[in-house]
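Have a look at the structure below before the remarks.
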Amino acid sequence: MGRSPRLFVVSGPAGVGKGTLVSLVRKRRPNLGLPVSATTRSPRIGEVNGVSYHFLTDQEFDDRVKRGEFLEWARVHTNRYGTLKSEVDACLARGQSVLLEIDMQGGISVRKAYPNAVLIFIEPPSWDVLVERLRGRGTESEESLAVRLQTAKRELGQAHTYDVRIVNDDLQEAVDELDRTLDTYERE
Ligand code: 5GP
């Protein structure tokens, strides 16, 4: 059976383990395109410019918005994040499926630009587990934690608008499910 490259969006609340899931699925699917997003947020310890994100100043971000370089961009928490069209189109042109790990506002914009996109929502097993994971990550101040939890509450309430929902309880099972989901849609 043939496969065709697809555009996938993975969203879910901060602390749900999207990053880990995506990096594990990437190991299984080395041909998956993972475009690097741009952001105005400051790098966390260990993050590398051009690898984790393209870290931009507000002015640089504005200039790129004006030049129409973003497929989508959104204000998430307190910063701006965006997907560069050039990166997505380059992957699709090479015949690679693309996976975007972006927030839900971004997911909705992507669906408008690419109606064929598949939107996947990653859910925590429970609210308490999410709070625990986010706290345990230790990367956020109390204020930033509060903002992320507020966003998380809103996102969980909109999860039904996505095509696929995966609960990240057992990590290995969630990776299997994500991997199978990509397979199913590529063969559709
Ligand atoms: P973080 O600051 O923890 O790296 O990311 C915060 C949020 O921004 C996450 O929910 C992530 O999915 C989202 N995000 C990352 N890149 C993009 C992007 O290019 N566009 C949009 N809309 N959201 C993004």
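Which count do you get for residues in the stretch 160-179 that are in a helix (DSSP H, G or I) and under 15 Å from VAL22 (Cβ atoms)?
Summing the residues that are in a helix (DSSP H, G or I) and under 15 Å from VAL22 (Cβ atoms) in the stretch 160-179 gives 8.
When you scan the stretch 2-24, how many residues do you find that are touching a residue at least 12 places away in the same chain (Cβ under 8 Å) and within 15 Å of the ligand (Cβ to nearest atom)?
The qualifying residues number 16.
Suppose the filter is touching a Ser or Thr at 6+ places or on another chain (Cβ under 8 Å) and more than 9 Å from the ligand (Cβ to nearest atom); does PRO43 pass it?
Yes; evaluated as a whole, the condition is true for this residue.
When TYR81 is evaluated against the numbered criteria (1) open to solvent by less than 30 Å² (accessible area, probe 1.4 Å); (2) within 26 Å of ALA174 (Cα to Cα); (3) at pLDDT 95 or above, which criterion, by number, is the only one it fails?
(1)
If a residue must be surrounded by fewer than 17 Cβ atoms within 10 Å (Cβ to Cβ) and in contact with a helix residue (DSSP H, G or I) (Cβ under 9 Å, 6 or more places away or on another chain), how many such residues does the stretch 35-68 contain?
The total comes to 2.
What's the number of the condition SER126 fails, among (1) over 28 Å from ARG180 (Cα atoms); (2) loosely packed, with under 12 Cβ neighbours inside 10 Å; (3) modelled with pLDDT of 90 or more?
Just one mismatch for SER126, condition (1).
Which pairs do you get when a residue that is assigned to a loop (DSSP other than H, G, I, E, B), found in the stretch 135-159, comes within reach of a residue that is surrounded by 17 or more Cβ atoms within 10 Å (Cβ to Cβ), reach meaning Cβ atoms under 7 angstrom, with the pair 6+ apart or on two chains?
From the stretch 135-159, the pairs are GLU140/LEU134; GLU140/ARG148; GLN158/MET104.
Those residues that are closer than 17 Å to PHE8 by Cβ, within 12 Å of the ligand (Cβ to nearest atom) and without any contact (Cβ under 8 Å) to a residue 40 or more places away in the chain, I need them from the stretch 51-100; list them, please.
Hit for the stretch 51-100 is LYS85, nothing else.
The values are calculated or read from the model by the stated rules, or taken from the named source; none is laboratory data. This structure is a prediction, so every number in the text was calculated from the model and none was measured. Cβ sites come from the backbone with ideal geometry, for glycine too, and all protein chains shown count toward neighbours. What goes into the accessible areas is simple: the full protein's heavy atoms, side chains included, and nothing from ligands, DNA or RNA. Shrake-Rupley method; radii C 1.70, N 1.55, O 1.52, S 1.80 Å.
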